Structure formats: C-alpha cells, structure tokens
Amino acid sequence: MGKILKKELYPIGTVVTLKGGNKKLLIYGRKVELEENDETNIYDYVSCLYPEGYLIHAKSYFFNHSSIEKMFHLGYINDEEKYLKIELLSNPILSNPKVNKHKTNKK
C-alpha cells in the first residue's frame, strides 16, 4: 500500500500524509465546498488529524488529491462507495478543482 493513484478519489476513512507534511490525516468528506476570500472553492477532501479525530471545525484540513504524498490505509469500499465515486468523478464541475472557483453572491 502507499502508492498514490492518479485520477482517483479515496473513500471515507482513508489515512494519508500530504506533501511536505509529517502528520497523518483521516479523510471524512469529499468534494467539499469552502468559502475563502469571497470565493467558493471545492476541494477533493476534508480531513482531521489521525489518530486524534475530529475535535473542532477549525482543525479540519481541506486539500486536493494531488497534494497527497502517501496513503497508509484505504477506507471501506462497497457497492455504494463504488457508485458514489463514479458519480463524483463523472461530474465535470466537481472533478476539476481549477474549474470550481466562482464568486459568492453575498448580500
């Protein structure tokens, strides 16, 4: 294990480290929108520290698949997960984070 798969979307429960990072992260969400500087960005993953887990929202880490350096544990995969992954990867808006930036209409 540990090989990074290209054009992949890891399942919930996957444990990874990021390039330049030294702390393991547990993926708990995918294709997540985050408001930043009047823009909405979509990241491939949202995670928390491993083994600490989700403690507070401020300790959530958002990143894209290309930022992963090493995968330590692959999360649970069943038929529902396989179907959802196909749906997430086949949606052109969700599958390309560079296309996902758009201005937020704040009133």
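A few notes on this one:
- At full extension, Glu8 and Val32 could sit 7.1 nm farther apart than now, given 0.36 nm per residue minus the alpha carbon distance.
- Backbone phi angles across segment 48-56, fed through the Karplus curve with coefficients 6.51, -1.76 and 1.60 (θ = phi - 60°), yield HN-Hα couplings of 10, 5, 10, x, 4, x, 6, 10, 8 Hz in residue order; Gly and Pro are listed as x.
- Lys59-Leu84 pseudo-label distance in nm [points 7 Å out on the Cα-to-Cβ vector]: 2.4
- Global geometry of segment 15-101, whether rounded, prolate or oblate, following the gyration tensor of its Cα atoms and the 1.5 cut on a/c: oblate
- Annotation: amide H of Lys70 within the under-5 Å range of Thr17, sequence separation 5 or more or interchain, hydrogens built in the peptide plane.
Since every read-out is calculated from the coordinates, none of them should be taken as a lab result. These numbers come from a predicted model, not from an experiment. In this analysis, Cβ positions are derived from the backbone assuming ideal geometry, glycine residues included, and neighbour counts consider all displayed protein chains.
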